[in-house]
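Scroll down for the structure; my scribbles are underneath it.
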Amino acid sequence: LRDMENDYGVLPLPKYDENQSGYLTNVSGAATMIVIPVSVSNAERTGNLIDAMAAASYDMISPSLFDVIAGTKNVRDSESAEMVQLIVRNRVYDPVRMYGIEGNNFADDLLAKKNADVASFFAKIETKAQSSLDKLITSFTENNG
């Protein structure tokens, strides 16, 4: 975008409705994850170390990242720089997208079919999607025990 001649700005995703307290930005299902093997002798210590490294990374790297991305490289005005910071600070991870639950690409699917009937789409996949979510929840609760 740096070479683009036309003016542009950055905006967060719109709120669902006026009752939503803040802006939320869904992060792609390709989120970075850390997995701890069951063979680890001290899972609590390992978790504490990972947590400490993540906190240090957030405190030390994020401000520089904001300065570079929001301040100089990818935006052209202070309002857009503020929007980039708002977007990054309000990230959410949607398990439906992360785990490929039915309906996770509903907008793309409907657009490709030139179909605007969102209610029918979700009614059609509801049972299968709920079953997949239930299995995911069971998997998490069984392995968290």
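Tabulated data
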{"read-out": "Pick from the stretch 105-116, criterion within 21 Å of Asn26 (Cα to Cα) and part of a helix (DSSP H, G or I), ranking: least open to solvent (accessible area, probe 1.4 Å)", "value": "Leu110"}
{"read-out": "Residue in the stretch 75-86 that is β-branched (Val, Ile, Thr) and either modelled with pLDDT of 80 or more or surrounded by 12 or more Cβ atoms within 10 Å (Cβ to Cβ) (or both) present", "value": "yes"}
{"read-out": "Subset of the stretch 117-145 (residues that are exposed (fewer than 14 other Cβ atoms within 10 Å of the Cβ) and touching a Leu at 6+ places or on another chain (Cβ under 7 Å))", "value": "Val118"}
{"read-out": "Checklist (1) of a type in the set (A, V, I, L, M); (2) open to solvent by 60 Å² or more (accessible area, probe 1.4 Å); (3) modelled with pLDDT under 90 applied to Met98, failing item", "value": "(2)"}
{"read-out": "Residue within the stretch 28-48 that is modelled with pLDDT under 85, under 24 Å from Leu136 (Cα atoms) and open to solvent by less than 50 Å² (accessible area, probe 1.4 Å) present", "value": "yes"}
{"read-out": "Scope the stretch 90-110; condition β-branched (Val, Ile, Thr) and over 15 Å from Thr127 (Cα atoms); matching residues", "value": "Val92"}
{"read-out": "Qualifying positions in the stretch 84-128 - within 30 Å of Tyr58 (Cα to Cα) and hydroxyl-bearing (Ser, Thr, Tyr)", "value": "Tyr93, Tyr99"}
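The values are calculated or read from the model by the stated rules, or taken from the named source; none is laboratory data. Note that the coordinates shown come from a computational prediction; the quantities given were computed from them, not determined experimentally. As a convention, Cβ positions derive from the backbone with ideal geometry for all residues, glycine included, and neighbour counts pool all protein chains shown. These area figures cover heavy atoms from the full protein model, side chains too; ligands, DNA and RNA do not enter into them. Shrake-Rupley method; radii C 1.70, N 1.55, O 1.52, S 1.80 Å.
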